[in-house]
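Enquirer: Quick one: this structure, given as structure tokens, is what I'll be asking you about.
Every number in this text was worked out from the coordinates using simple rules, so none of it is lab data. These numbers were taken from a predicted model, which means no experiment stands behind them. Note: ideal-geometry Cβ built from the backbone for every residue, glycine included; neighbour counts use all protein chains shown.
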Amino acid sequence: MTAVTIERVDDTFHFRASNAQGTSVDIDSVGDRDGEQVGVGPMEMLLMALGGCSGIDIVMILKKGRQRIDSFKMRIEGDRPRAQMATPYTSVHTHYELTGDLEPAKVLRAVRLSHEKYCSVVKNLEEATVITYACSVNGERYE
């Protein structure tokens, strides 16, 4: 079982979530504090969770394949209707950018395996969300 604690920090919408090891993240409602946001919005956090989960998978797979990663970043974009309050993402696109001594075919395989088999966050979202990805290896784009 996984458990976290969440505590309200002030008299607005600022919360702090902590795991059992004491690592915490601030959560805040976007734009509800006269434009000041002191934490990550819950839906932004969902995109971050996808990136973290998938990123861990990809690094593990590439390390096992003896690939050297010099840098790894990703941009994740999620689309959802704004007309209603509680709406899921209808689509999410992740663009992975890696540099290093990497074979593009191995990077694409690692990304595919993460999305199709290993990433629990993708698995939680995929029924209601179209999830796509692309990657760049040493500046060259692959899909």
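Enquirer: Under 17 Å between alpha carbons, and skipping anything fewer than 8 positions from K64 in its own chain: which lysines qualify?
Expert: In chain and number order, the partners are K106, K117.
Enquirer: Here is a further query. Using helices alone, I'd like the mean residue ellipticity at 222 nm for the chain: each DSSP H run of four-plus residues gives -39500 (n - 2.57), total over residue count, nearest 500.
Expert: Theoretical 222 nm ellipticity from helices: -8500 deg cm²/dmol.
Enquirer: Measure nothing but the geometry: give the 0 to 90° angle between the long axis through the Cα atoms of 104-113 and the longest principal axis through the Cα atoms of the chain, rounded to 10°.
Expert: 40
Enquirer: Please figure out what share of the DSSP beta bridges in region 1-79 is antiparallel and state it in percent, rounded to the nearest 5.
Expert: The antiparallel proportion sits near 90 percent.
Enquirer: Now for a different question. Under 8 Å for C-alpha pairs, at least 6 residues apart: give me the relative contact order for the chain, rounded to a whole percent.
Expert: After rounding, I find 18 percent.
Enquirer: I would also like to ask the following. Hey, got the dipole for the chain? About the Cα centre, +1 on K and R Cβ, -1 on D and E Cβ, debye to the nearest 20?
Expert: The calculation lands at about 780 debye.
Enquirer: What is the projected area of the convex hull of the Cα atoms of the chain, averaged over all directions, in nm²?
Expert: Mean projected area for the chain: 10.6 nm², to one decimal.
Enquirer: Follow-up question, since we're still on this one. How far, in degrees from 0 to 90, does helix 42-64 lean away from the longest principal axis of the Cα atoms of the chain, to the nearest 10?
Expert: Roughly 30 degrees between the two axes.
Enquirer: In the chain, if the dipole is taken from +1 on Lys/Arg beta carbons and -1 on Asp/Glu beta carbons about the Cα centre, which of V130, S54, S24 is farthest to the positive end?
Expert: S54
Enquirer: Right, next: Looking at the chain, which longest stretch skips every one of the trypsin sites (Lys or Arg not before Pro) that is in a DSSP loop with at most 15 other Cβ atoms within 10 Å, leaving the sites themselves out?
Expert: 83-143
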